[in-house]
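Here the structure comes first, spelled out in structure tokens, and everything after it is commentary.
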Amino acid sequence: MSDERLNGLINDLIEEFSPIGSGSGLRRYLRALIKSSLNFADLKTSRLDLKIATTAVEEMAEAFRMFSAYRNVQKVTIFGSARIRPSDALYSLTRDLAAQLAAAGVMVITGAGPGIMAAGNEGAGPAMAMGINIRLPFEAEPNEFIANDEKLVEMKYFFTRKLMLIKESVGFLILPGGFGTMDEAFELLTLQQTGKAEPAAIVLAQNPEDTFWQGWQHFVTSEIFSRNMASPIDSALYRITDTIDDAVSELLKFNRNYVSRRFIGPEMVMRLRVAPNSAQCSEISREFSDLLDDSALRVVSPYPVEIAESDSLHLERIAFRYSGGRTARLRQLIDRLNEMVEP
């Protein structure tokens, strides 16, 4: 089949079934998705390959559908051990943290299982709790606080589940846990360190008498930083705390001023609630000259592509030529911009 005929058929399908307007830039992604799916027909694809691809897309579509009604609500994802009992002090800490986040208007996402996940859903309450469960031979049933809720999806694959646990959230609260929690924590830090995820607040929380994260930090410092396998400045990507107020404050203040970023050509555009004045721009440019690729941070109006896509036009903006890498320094820049706005 010729590309011209295939494109015509795909366009007809989109026109028939999609609510996306013909002038929307989103249609090209839908066309690419359909065309990519059809490419499987040209490959020596096994039944298992097709099953994995189909299930992954179906799971993502279900999660996107759930999130769509809450896209404008800030969310924090909670990770932690599934084996913590309700009588454990760590359960109480998590429940109280989730309750405070919910009271501040933040929805709480968990893996929907028992232990820390149940504590997070319980603390958030029915209106503010979300769950993304994994089907496993054990520890797989949704907890009672999210079971049968419309804000729950279940997934077969860990990779689609992890994507959905991370994609929608502006902050992450990690409580002590086992191999699964460590996997989630290190993957989250890897995504932040490499710039493959949007900047976000990461809080490693524990009870005051606990030393879990101090032990973890000792390992990271003595076995990773000391061998130059990561840089000590990467510790700016996370915060260790043993108080509820500190944990909640760290998560909430991340978006006190900073809202989002976007690359437009060689420039990084940051959307803010309040842009810095000229003196502040000069001061920040000097302080973060290593990030700015011999340019200066400046206040800008929405770019044409942002206007065409109606992309956060109500927010103020700064732009600079980002030199790449140095994601921990980028996080420090965001902290600096957040300091400009009173709590």
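All of the numbers you see were taken from the coordinates with simple rules; none came from a lab. This one's a predicted model, so the numbers in the text were calculated from it and none came from an experiment. Here the Cβ positions follow ideal geometry from the backbone for every residue, glycine too, while neighbour counts run over all protein chains shown.
Side notes on the structure shown:
- Theoretical gain in end-to-end length, S323 to I34 [0.36 nm per residue, Cα-Cα removed]: 100.5 nm
- When only the Cβ of Lys, Arg, Asp and Glu is charged (+1, +1, -1, -1), the dipole of the stretch 3-68 relative to its Cα centre reaches about 140 debye.
- Exposure proxy for D49, D88: other Cβ atoms within 10 Å of each Cβ, ordered fewest to most, give D49, D88.
- Counting only DSSP H runs of at least 4 residues, each contributing -39500 (n - 2.57), and dividing by the residue count of the chain, the helix-based mean residue ellipticity at 222 nm comes to -13000 deg cm²/dmol.
- Think of the chain as having a plus end and a minus end, set by charges on the Cβ of Lys, Arg, Asp and Glu; of N121, N143, F172, F172 sits farthest toward the positive end of this dipole.
- For the chain, averaging the sequence separation of C-alpha pairs within contact (under 8 Å, six or more residues apart) and dividing by the residue count gives a relative contact order of 13 percent.
- Alpha-carbon radius of gyration plus Dmax, which is the widest Cα pair, for the chain in Å: 21.9, 68
- Highest average first, the peptides 223-232, 153-162 ordered by how many other beta carbon atoms sit within 10 Å of their residues are 153-162, 223-232.
- The chain: DSSP helices with Cα axial extent of at least 27 Å and average Kyte-Doolittle hydropathy no lower than -1.0: 47-68
- Only the Cβ atoms of Lys and Arg (+1) and of Asp and Glu (-1) were treated as charged; on that basis the dipole of the chain about its Cα centre amounts to roughly 680 debye.
- Taking every alpha-carbon pair under 8 Å whose residues sit at least 6 apart, the stretch 75-253 reaches a relative contact order of 22 percent.
- Directionally averaged projected area (convex hull, Cα atoms, the stretch 158-260), nm²: 6.9 nm²
- Top positive-direction residue, dipole computed over the chain with Cβ charges, set I14, S301, S226: I14
- Among the listed pairs K44/K162; K162/K196; K196/K253; K51/K196; K151/K196; K51/K156, those whose Cα-Cα separation exceeds 20 Å are K44/K162; K196/K253; K51/K196; K151/K196.
- Positive dipole terminus of the chain, leading residue within P266, L189, Y322 (C-beta point charges): P266
- With contacts taken as Cα pairs under 8 Å at a separation of at least 6 residues, the stretch 240-343 carries a relative contact order of 33 percent.
- Given charges at beta-carbon only (K, R positive; D, E negative), |dipole| of the stretch 252-343 in Debye: 200 debye
- Centre separation in Å (Cα based) which lies between the stretch 170-186 and the stretch 214-249: 13 Å
- The modelled label-to-label distance for the pair A56/E287, using points 7 Å beyond Cα in the direction of Cβ, is 4.1 nm.
- Centroid-to-centroid separation of the stretch 64-127 and the stretch 305-343 [C-alpha atoms, Å]: 28 Å
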